[in-house]
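**Student:** Just passing along the structure, written as structure tokens.
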Amino acid sequence: MVRDGYIYGISLLVVAAVLVWATGGWFWAIVPLLLAAFFLWFFRDPHRTIPAGKGLVVSPGDGVVTETVTIQTPQGPRRRISVFLSVFNVHVNRAPIGGVLTRVHYQKGLYLNAMNPASAERNEQNAVTVRGQGSDEGFEVTFKQIAGLLARRIVFNHSEGETVERGQRVGLIKFGSRVDVVLPADAELRVKVGDRVNGGSTVLAAMPQGDRG
């Protein structure tokens, strides 16, 4: 479980205990007990089996694929995969490839519904570019942690220059959100709109030189 789950959960359990002690009954403790159970469940952090293979790109988060499009960037055409995380999904974020963090850029913004394509550019977000190393050498991937209608805090636990492994836990978005993955234009997609994906274990795409199995 993410540390926040213990903080919220234990705090609410303490509130419930105080209410029981102060009122002599359980009625007023029902709401904080339910909230404690929700936070303990929401901040769960299950183990994931990370796929091995050359040039594989895994999902940074759990959710449903809502978009796979080609976009234009200053570096040329790129492919973008968007994954919507509802409040019921695991919200721990993971690195899509292994490599060096060459850019970490946070920007303030709006809190549009994360299902809205405009949220990719206009919402509060943290954009991270990873230059592949090891089995992922030779290409870069950018992934964005994007706040949604309910999300009000983006957490990223690393800095530029650090090295991460494919599928490594790197952060968290609280309470509903979206993650975008921007890939080279020649990436071979392994998912389609409507697919459910798991952070760290579902392969979103593979580079042409990567494994095809």
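The values are calculated or read from the model by the stated rules, or taken from the named source; none is laboratory data. Computed from a predicted model, the values in this text were never measured in an experiment. Neighbour counts run over all protein chains shown; Cβ positions are idealised from the backbone, glycine included. Ligands, DNA and RNA are stripped out before the accessible areas are found, and what is left, the full protein with its side chains, is counted by its heavy atoms. Shrake-Rupley method; radii C 1.70, N 1.55, O 1.52, S 1.80 Å.
**Student:** I need a count of the residues in segment 72-84 that are among the β-branched types (Val, Ile, Thr) and open to solvent by 10 Å² or more (accessible area, probe 1.4 Å). Full working, then the answer.
**Tutor:** Taking segment 72-84 and keeping what is among the β-branched types (Val, Ile, Thr), we get 73, 81, 83.
If we keep only those that are open to solvent by 10 Å² or more (accessible area, probe 1.4 Å) as well, we get 73.
Residues meeting the conditions: 1.
**Student:** Determine the pairs where a residue that is surrounded by fewer than 14 Cβ atoms within 10 Å (Cβ to Cβ), located within segment 85-109, has a partner that is of a type in the set (Phe, Trp, Tyr) with Cβ atoms under 9 Å apart, the partner being 6 or more residues away or on another chain.
**Tutor:** Taking only residues 6 or more apart or on different chains, the pairs are Phe88/Phe42; Tyr106/Phe156.
**Student:** Next up: In segment 177-194, which residues are open to solvent by 10 Å² or more (accessible area, probe 1.4 Å), part of a loop (DSSP other than H, G, I, E, B) and either under 16 Å from Val90 (Cβ atoms) or of a type in the set (A, V, I, L, M) (or both)?
**Tutor:** Listed by number, the residues that qualify are Ala185, Val191, Val193.
**Student:** Let me ask you something else. Kindly provide the set of residues from segment 59-79 that are touching a residue at least 24 places away in the same chain (Cβ under 8 Å) and more than 15 Å from the chain's Cα centre (by Cα), ordered by number.
**Tutor:** Glu67, Thr68, Thr70, Ile71, Thr73, Gly76, Pro77, Arg78, Arg79
**Student:** Still on this structure, please answer the following. What are the pairs with Cβ atoms under 7 angstrom where one residue, in segment 2-23, is at pLDDT 90 or above and the other, located anywhere, is open to solvent by 80 Å² or more (accessible area, probe 1.4 Å)? Sequence gap at least six, or different chains.
**Tutor:** These pairs meet every condition: Leu19/Trp28; Val20/Trp26.
**Student:** Would you be able to tell me the number of residues in segment 24-58 that are among the β-branched types (Val, Ile, Thr), open to solvent by 80 Å² or more (accessible area, probe 1.4 Å) and either at pLDDT below 90 or under 26 Å from the mean Cα position of the chain (by Cα) (or both)?
**Tutor:** Final tally of qualifying residues: 1.
**Student:** Please specify each residue of segment 78-105 satisfying the condition of being touching a Leu at 6+ places or on another chain (Cβ under 7 Å) and of a type in the set (Val, Ile, Thr).
**Tutor:** Ile81, Val87, Val92
**Student:** Looking at Pro117, is it over 17 Å from Arg178 (Cα atoms), modelled with pLDDT under 95 and not in a strand (DSSP E or B)?
**Tutor:** Considered against the rule, which asks whether it is over 17 Å from Arg178 (Cα atoms), modelled with pLDDT under 95 and not in a strand (DSSP E or B), Pro117 comes out as no.
**Student:** For Val69, which of the numbered conditions (1) open to solvent by less than 30 Å² (accessible area, probe 1.4 Å); (2) in contact with a Pro (Cβ under 9 Å, 6 or more places away or on another chain); (3) within 27 Å of Phe143 (Cβ to Cβ) fails to hold?
**Tutor:** So Val69 meets the others, but not (1).
**Student:** In segment 161-179, how many are at pLDDT 95 or above, farther than 21 Å from Thr49 by Cβ and under 11 Å from the mean Cα position of the chain (by Cα)?
**Tutor:** Of the residues in that region, 0 qualify.
**Student:** Applying the selection to segment 98-114, what residues are farther than 19 Å from Gly61 by Cα, modelled with pLDDT of 90 or more and not β-branched (Val, Ile, Thr)?
**Tutor:** Residue satisfying the conditions is Arg103 alone.
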